[in-house]
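This report refers to the structure that appears directly beneath it.
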Amino acid sequence: MENTIFLTPNLFKTESFKLFESNAFLVEAGRYSSGVAVLKVSNSRGYLKILPYMGMIIWDAFFDEETLKMKDAFSQPLPGEGIADTYGCFQFSSGLLANGTPGPEDDYQLHGEFPTSPMTNAYLTIGGDSLTIGSQYEYVKGFGHHYLAQPSVVMHRNSGLFDIKMAVTNLSKYQEMPLQYMCHMNYAYHDQAKLSQSVSDDVFKLRQSIPGHVHPTPEWLAYNQRLKDSGEVITQLNNPDKYDPEIVYFTDNLTQYAKEVTFKMTLKNGKQFMTKINTAEFPIVTRWILHNPDQQVAAFALPGTSRPEGFHAAQKAGTLIMLKPGEKRQFSVTTGLVNE
């Protein structure tokens, strides 16, 4: 049996309080000094900090004494029109009308309109062994597109793994809408960690272009060229000085290899971060590695419907989804710390 608690922004005060507690879960509601509302959802293994009214961002993730979140410059989430205004989170939803880094022909903001969008109708659903936090966002423009986005996060009893879900419905009665979606998980960088997946390393190909936000050094250009020439796929994080600016790999059409693919990052202490996807939902995965004094991230698997190289790039590649009027697409990612 499931029970649902519907939330309102007025519930969230600067001093946090217990919203729900059982023998499996604890949910605390609060508000950062920046004004952003947060739900801290805990089980016996750790916790997630979720921003129910700001893009359903997962701000922080911590399990079995390991932080899953990238190193960044943000001490708290900050309100803003785009994800660059608060780029310190564990996970955000990139898209949905356009995704990734805008190309030369594109005119949208980094990672699209959705990541920090103002959500409504936030709720908490409690089942026996799971707990779901969800909300929704209705996007509508005069003479433009109209959609309903319904993101949610599911935590499980005694588990370091959790599910990140997204449903998108085209609410237009006559007009198709473009859809690009990436579940952007900014995992922590761990020196000497090993990267692996249930398919061959060869599925990853080094990014050939250099986007506008990347400012290469001569040393980075030489290293990137070496990776290009050799076809080497980074499978161990053992050259941090070489990962600034970022090193990026892409896959293409994972559906040709398997219906389900699992990606792992194994730490020196033996613990494993894991991401599992359905390739029909996510045919393309991006690997993003960055290491400098301000930002350190090993996003070993960013599942997406297309490469994050911009709207027109996806259109040219044939990976842009066009949702018919009334059509709904659903996505689900299982990720977190592997259960021992």
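The values are calculated or read from the model by the stated rules, or taken from the named source; none is laboratory data. A quick note: this is a predicted structure, and the numbers were derived from the prediction, not measured. Glycine gets a Cβ as well: all are built from the backbone with ideal geometry, and neighbour counts include every protein chain shown. Areas reflect the complete protein model, heavy atoms only, side chains present, ligands, DNA and RNA absent. Shrake-Rupley method; radii C 1.70, N 1.55, O 1.52, S 1.80 Å.
For Lys271, a cut-off of 14 angstrom between C-alpha atoms picks up these aspartates and glutamates, skipping any fewer than 8 places away in its own chain: Asp64, Glu65, Glu66, Asp191, Glu340.
Per residue, how large is the accessible surface of the chain? Use a 1.4 angstrom probe and give square angstrom. Roughly 43 Å² per residue, with all protein chains present.
Once the Cβ-Cβ distance between Thr14 and Phe74 is put in as r, and R0 is 22 Å, what FRET efficiency do you end up with, to the nearest 0.05? Result of the calculation: an efficiency of 0.75. When the chain is treated as a GNM, springs tying every alpha-carbon pair under 10 Å, which of His111, His184, His215 comes out with the largest mean-square fluctuation? Highest fluctuation of the listed residues: His215. Here is how the number arises for the chain: DSSP H runs of 4 or more residues each give -39500 (n - 2.57), the sum is divided by the residue count, and the result at 222 nm is -1500 deg cm²/dmol.
Roughly how many whole Å is it from the C-alpha centroid of the range 221-247 to that of the range 124-165? Each part's Cα centre sits 36 Å from the other's. Each residue, Tyr123 and Lys316, gets one label point 7 Å from its Cα in the Cβ direction; the gap between the two is 4.3 nm. Heavy-atom surface analysis with a 1.4 Å probe gives the chain a carbon and sulfur content of 49 percent of its accessible area. Taking all Cα pairs closer than 8 Å and separated by 6 or more residues, the relative contact order of the range 215-335 comes to 23 percent. Treating cross-link reach as a plain straight distance, find the lysines whose alpha-carbon is under 23 Å from the alpha-carbon of Lys165, omitting any fewer than eight places away in the same chain. The reachable lysines, counting only those whose Cα sits under 23 Å from Lys165, are Lys40, Lys49, Lys69, Lys259, Lys264, Lys276, Lys324, Lys328.
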